[in-house]
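The values are calculated or read from the model by the stated rules, or taken from the named source; none is laboratory data. Keep in mind it's a predicted model, so treat the numbers as computed, not measured. With ideal geometry, Cβ positions are generated from the backbone for all residues, glycine too; neighbour counts draw on all protein chains shown.
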Amino acid sequence: MARFIGAKTKIARRFKEPIFGPDKNFEKRNYPPGQHGQARKRAKLTEYAIQLYEKQKAKYTYGLLERQFYKTFEEAARKKGVTGENLMKYLEARLDNTVFRLGFAGTRDQARQLVSHRHITVNGKVVNIASYSLKPGDVVGIREKSKSLEVINDSLAISNAKKYNWLTLDEKEMQGTFVAYPEREVIPENIKEQLIVELYSK
């Protein structure tokens, strides 16, 4: 499974947001990387650079590589409605993202690992494909043999899944339901998806 394995704090500092999750190193230096740090005057970005920056931010946030991301965009463009909003809905409907949102994992990377190691079920069947796209009504749960895993229980103990109105969580059964595709206004990620649409439309 292809994934980003580079310096995550450095990437987060570039975007000035902890896009990979809680990061103590980012909190200490939450300004762009480079020799001169905050003192450096940066050149004004071109329109293309701003659009590319937003696409890269979305890719890193959701943990997709370029080919995966573009494939998701193409699917969003084919569907009726606003392409940018469709893109965000499809990104949120990924299995690894939903495992993260439900609180079974502390980060999306951790969620991807749980999926690939066959700890996650969808409608009672084990699914080990992180990019698996959920449909409304799908039930995501922890495999019976994996319910005692410390990493899952620790994550659930601090879970804030209840704030996502497109998901329901049954902590006792360790499963949640993907109720519906979320509307853009309730997706918390700070991404300007229209800039991504403009980039790919060139």
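All of (1) polar (S, T, N, Q); (2) modelled with pLDDT under 95; (3) surrounded by 14 or more Cβ atoms within 10 Å (Cβ to Cβ) hold for Thr72 with one exception: (2).
Scanning the range 41-58 for residues that are surrounded by 11 or more Cβ atoms within 10 Å (Cβ to Cβ), basic (Lys, Arg) and at pLDDT below 95 yields a count of 1.
Hey, any hits in the range 133-156 for a residue that's without any contact (Cβ under 8 Å) to a residue 40 or more places away in the chain, closer than 15 Å to Leu95 by Cβ, under 19 Å from the mean Cα position of the chain (by Cα) and surrounded by fewer than 17 Cβ atoms within 10 Å (Cβ to Cβ)? Yes, the range 133-156 has at least one match. Residues that are of a type in the set (A, V, I, L, M, F, W, C) and part of a helix (DSSP H, G or I) within the range 166-202 comprise Val186, Leu195, Ile196, Val197, Leu199, listed in sequence order.
Among the residues of the range 115-126, those identified as over 18 Å from Thr72 (Cβ atoms) and buried (at least 16 other Cβ atoms within 10 Å of the Cβ) are His119, Ile120, Thr121, Val122. Only helices (runs of 4 or more DSSP H) whose full extent lies in the range 72-165 are considered here, and the ones with at least 1 residues that are within 27 Å of Asn190 (Cβ to Cβ), touching a Gly at 6+ places or on another chain (Cβ under 6 Å) and hydrophobic (A, V, I, L, M, F, W, C) are 150-157.
A search for C-beta distances below 6 Å between a residue of the range 81-93 that is at pLDDT 95 or above and any residue that is of a type in the set (A, V, I, L, M, F, W, C) and in a helix (DSSP H, G or I), counting only pairs 6+ apart in sequence or on different chains, returns Thr83/Ala76; Thr83/Ala77; Thr83/Val197; Gly84/Val197; Asn86/Ala76; Leu87/Phe73; Leu87/Ala76; Tyr90/Ala76.
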